[in-house]
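Enquirer: Handing you a structure now.
The values are calculated or read from the model by the stated rules, or taken from the named source; none is laboratory data. Only a predicted model underlies this, so the values are computations on that prediction, with no experimental measurement involved. Every residue, glycine as well, gets a Cβ built from its backbone with ideal geometry; the counts of neighbours run over all protein chains shown.
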Amino acid sequence: MVEVIIVAAGAFIAAALTVPAGFGLSTMLTPFVLAFMPPHEAIAVVAVVHGAHNAAKCWSMWEWIDFSAFKRYGIWLVFGAMTGAGLQNQVSQGPLLVVVGAFLVILPLLTLSERWTGYRIPEANDRVGGFGSGFMGGLSGHQGALRAMFLTRRLPDKMAYAATASVLALCVDLSRIPVYMVFRSEELISHAQICFILVISAVLGAQMGKKWLESLKSDLIHIGVMAGIMASGFYYIYEGLA
C-alpha cells in the first residue's frame, strides 16, 4: 500500500510538471511502474495512464490547440506509433534509444546556433519529426522529447504549444494502446487496479499543471523544454546502454 501511494504521488507530480513542458510523463513515471512489473508490461500500463493524462489536457485546453500544426504532424504520428508498437516485442530498443538520445543531446545546441546563423530547419522535416516521435512512442513510450524538438520552433505561444502537444501525444496513445491490448491484454487486466489509481493521479495532476502553465513565462518554459530535451537524451542513452 505504501508503494502504491508513493507511485500515485509520483504520477500526480509528474503529470503536473509535464503540462508546461509538453512531454516527460512516460520518462518520469516508467521507473516507478517498473517496481511492480516487467518492462514491456510497464510500457503498456504507462501508455494507458499517458493517454488519460493527454485526454484530460485536451479537454481543458481545447481552445488553444493549433490545428494547422496538428495536420502537419498528426498523420505521421499515427503511422509511426502503429509501426513502433507493432515492433515493440521484436526489435531491440537499446541501439535506437542511444541514437535518439545522442540526437536529443545535440539538438538544443543546434537550436542555439539558429539564433547565430539565422538557419531554420525546413518545415518538410515536420513529417520526419512526426513519424519519429510516433515510432519511438510506440516502441518504447519515449515520444515527447523528439516531438518537442520540432514543435517548439513552430509554436512559440506557451498555451498553443502545450495544448497542441497534448493532442498530438493523444494521437500516439490512441494508436499504440490498441496494439498493446492485442499483445498484452492479460497483463493489462491483471494490473487494472494500479492502472486505475495512476490514471486518476495523472488526470488530477494535469489540472494542477494547467494552473502552473498559466502563471509561467514563455521564456522560462522554453528554457525548461530545452533542458528537458537534453536530460531526456542522456536518459535515453543510459537506458539504451543499460
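Enquirer: Looking only at segment 24-39, count every residue that is of a type outside the set (Gly, Ala, Ser) and either on the phi > 0 side of the Ramachandran plot or buried (at least 24 other Cβ atoms within 10 Å of the Cβ) (or both) and tell me the total.
Expert: 3
Enquirer: Which one is modelled with the lowest pLDDT, of the residues in segment 77-95 that are over 16 Å from LEU146 (Cα atoms), hydrophobic (A, V, I, L, M, F, W, C) and within 17 Å of the chain's Cα centre (by Cα)?
Expert: Checking each candidate, the answer is ALA85.
Yes/no matrix, rows are residues, columns are (1) of a type in the set (Phe, Trp, Tyr); (2) under 23 Å from ILE223 (Cα atoms); (3) part of a helix (DSSP H, G or I); (4) touching a residue at least 24 places away in the same chain (Cβ under 8 Å):
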{"position": "PRO20", "(1), (2), (3), (4)": "no, yes, yes, yes"}
{"position": "PHE23", "(1), (2), (3), (4)": "yes, yes, no, yes"}
{"position": "THR27", "(1), (2), (3), (4)": "no, yes, yes, yes"}
{"position": "PRO31", "(1), (2), (3), (4)": "no, no, yes, no"}
{"position": "PHE36", "(1), (2), (3), (4)": "yes, no, no, yes"}
{"position": "ALA42", "(1), (2), (3), (4)": "no, no, yes, no"}
{"position": "ALA55", "(1), (2), (3), (4)": "no, no, yes, yes"}
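Enquirer: A follow-up question, please. I'd like to know if segment 214-228 contains one or more residues that are surrounded by 20 or more Cβ atoms within 10 Å (Cβ to Cβ) and either of a type in the set (Phe, Trp, Tyr) or under 21 Å from LEU139 (Cβ atoms) (or both).
Expert: Within segment 214-228, one or more residues are surrounded by 20 or more Cβ atoms within 10 Å (Cβ to Cβ) and either of a type in the set (Phe, Trp, Tyr) or under 21 Å from LEU139 (Cβ atoms) (or both).
Enquirer: Which members of segment 191-206 meet the condition of being surrounded by 16 or more Cβ atoms within 10 Å (Cβ to Cβ) and polar (S, T, N, Q)?
Expert: Hit for segment 191-206 is SER201, nothing else.
Results for (1) within 17 Å of the chain's Cα centre (by Cα); (2) at pLDDT below 85, shown as yes or no for each residue.
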position	(1), (2)
GLU3	no, yes
ALA11	yes, no
ALA35	no, yes
VAL48	yes, no
ALA56	yes, no
GLU63	no, no
LYS71	no, yes
LEU97	yes, yes
ALA102	no, yes
